[in-house]
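Peer 1: Dumping the structure here so I can ask a few things about it.
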Amino acid sequence: MSDGNFHTIEAKGVRATLDLRGGHVRVFAVTRDGRAVEPLHTAPWIDDKAIVEDESIDANLRFLSGDFFCAPFSTSDIEVTTLHGWPANSPWKLVDVTALPEGGQTARYELVKRVQGARLVKEFTVRDGHPFLYERHVFIGGEGDIPVANHAMTRFDGGGRLSFSPKRYGTTPATAIESDPSQGRSLLAYPARFTDLTKAPRADGTTADLTTYPFGSKHEDFLSLVEEPSNPLGWAAAVRPDKRDIFLSLKSPADYPITMMWFSNGGRDYQPWNGRHIGVLGLEEGRTYGGHGHKASIAPNPWQEEGIPTFLSLDPAGEVDVRNVLGGLALPEGWTRVASIEARGSELVLTDEGGASLAVPYDAAFLTRGA
């Protein structure tokens, strides 16, 4: 389906719609065993004509939904663009759609603008019976280094539980993302570094449990989790009991060594937020120096000294790509929190903290590039 602004691909049991105006995933829907799951978030102003047509507001805010690709991630202070770069703020065009022999579709989209001289292709794949959206972003040509990330979001109307593949540590940036009380509020301590996700330092001297949403109210906070590089699969799982579903974010740690958490829970009072962006969590997989911006990510920095890649190097004579996978599953009866996730052959196996397991069809070769 395509109506000029949106394009949809689908396979048996899964559907994804891309907003071509800014490259945001507007819909990711999975139907399995009679249950429908739509785990991604869409901003409450997305149909507010006054905001959507106000070009003084960045496109990545006007069209804020689901998941989008950032290049650069955060502040664009080298090539002059807006926050998160052209891929999150400018139009994409459909290139082609290919039917898969085993059932499903791959769609390719190209960013209208260039990123540091590179053509950027967004490749989405859905497969029959797979509760996943396989995403690949390909830079063709171009020059220089750039921090990149995908920016997935889910929302908790009734609270939820979070779990992750093993992390080396968590860290907040030097300053809070909302430090002016007339504009908004942040609750965590900045800067801070911690290893226990249930005891992240708060500014008031107490701690926050990052494995339970929410940990506070009326706040905006941001932090980075550094992946344990030996992990064969990087993952984040958000259990939403009231929706009876699980949102999954999957990656190769070699592509994306960082998982960033953006807690957007009514902590911004200015337009277009106006205190109404509530219960939202960004689970953002990145190759970036957190939220420090383009210059800081490609310059020598403390994470690079620890062996953590913070940028992607473009190839003027070839192409480079990064990959991630989004998933949506119905929450099995009695499940409380995902304890582990493993890729086993042609299946992804999830285990609950109570010991029960669930296996679903999965293309493990996608993230490993067939290795």
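Peer 1: Filter the range 325-351 down to the residues that are over 23 Å from the mean Cα position of the chain (by Cα), within 17 Å of Val239 (Cα to Cα) and surrounded by fewer than 20 Cβ atoms within 10 Å (Cβ to Cβ) and list them by number.
Peer 2: First, pick out the residues of the range 325-351 that are over 23 Å from the mean Cα position of the chain (by Cα): 332-335, 344-346.
When the remaining residues are screened for being within 17 Å of Val239 (Cα to Cα), the result is 332-335.
Within the range 325-351, Pro332, Glu333, Gly334 qualify.
Peer 1: Shifting gears a bit: What residue, of Val121, Val97, is assigned to a strand (DSSP E or B), among the aliphatic types (A, V, I, L, M), surrounded by 17 or more Cβ atoms within 10 Å (Cβ to Cβ) and touching a strand residue (DSSP E or B) at 6+ places or on another chain (Cβ under 7 Å)?
Peer 2: Only one candidate passes the filter, namely Val121.
Peer 1: Report, ordered by the first and then the second residue, all pairs with beta carbons closer than 8 Å, sequence separation of six or more or different chains, a first member in the range 39-58 that is outside any loop (DSSP other than H, G, I, E, B), and a second member that is of a type outside the set (A, V, I, L, M, F, W, C).
Peer 2: Final answer for the pair search is Thr42/Arg26; Thr42/Ser65; Thr42/Gly66; Ile51/Arg62; Ile51/Gln271; Ile51/Pro272; Val52/Arg62.
Peer 1: For Arg323, work out the one condition from (1) more than 21 Å from Ala152 (Cβ to Cβ); (2) not in a loop (DSSP other than H, G, I, E, B) it doesn't fulfil.
Peer 2: Going through the list (1) more than 21 Å from Ala152 (Cβ to Cβ); (2) not in a loop (DSSP other than H, G, I, E, B), Arg323 breaks only (1).
Peer 1: Mind checking which residues of the range 159-189 are closer than 23 Å to Thr351 by Cα and either touching a Gly at 6+ places or on another chain (Cβ under 7 Å) or modelled with pLDDT under 95 (or both)?
Peer 2: Within the range 159-189, Gly159, Ser165 meet the criteria.
Peer 1: When you check Arg276 against the structure, is it part of a strand (DSSP E or B) and either at pLDDT below 95 or loosely packed, with under 15 Cβ neighbours inside 10 Å (or both), yes or no?
Peer 2: Taking the combined requirement at face value, the residue does not satisfy it.
Peer 1: Could you please find all residues in the range 198-208 being within 24 Å of Gly293 (Cα to Cα) and buried (at least 20 other Cβ atoms within 10 Å of the Cβ)?
Peer 2: Across the range 198-208, the qualifying residue is only Ala200.
Peer 1: Going through Pro309, Pro302, Pro229, Pro241 one at a time, which residue ends up being of a type outside the set (Val, Ile, Thr), surrounded by fewer than 23 Cβ atoms within 10 Å (Cβ to Cβ) and closer than 25 Å to Ser65 by Cα? Before the answer, list the steps.
Peer 2: Values: Pro309 fails: closer than 25 Å to Ser65 by Cα; Pro302 fails: closer than 25 Å to Ser65 by Cα; Pro229 fails: closer than 25 Å to Ser65 by Cα.
Checking each option against the conditions leaves just Pro241.
A quick yes/no check of all residues on (1) under 19 Å from the mean Cα position of the chain (by Cα); (2) in a strand (DSSP E or B); (3) free of Cβ contacts under 8 Å to residues at least 40 places away in the same chain; (4) surrounded by fewer than 22 Cβ atoms within 10 Å (Cβ to Cβ):
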residue: His151; (1), (2), (3), (4): yes, yes, no, no
residue: Ser163; (1), (2), (3), (4): yes, yes, no, yes
residue: Arg193; (1), (2), (3), (4): no, yes, yes, yes
residue: Asp196; (1), (2), (3), (4): no, no, yes, yes
residue: Leu210; (1), (2), (3), (4): yes, no, no, no
residue: Phe215; (1), (2), (3), (4): no, no, no, yes
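The values are calculated or read from the model by the stated rules, or taken from the named source; none is laboratory data. From a predicted model like this one, the values you see are computed outputs, not experimental measurements. Neighbour counts run over all protein chains shown; Cβ positions are idealised from the backbone, glycine included.
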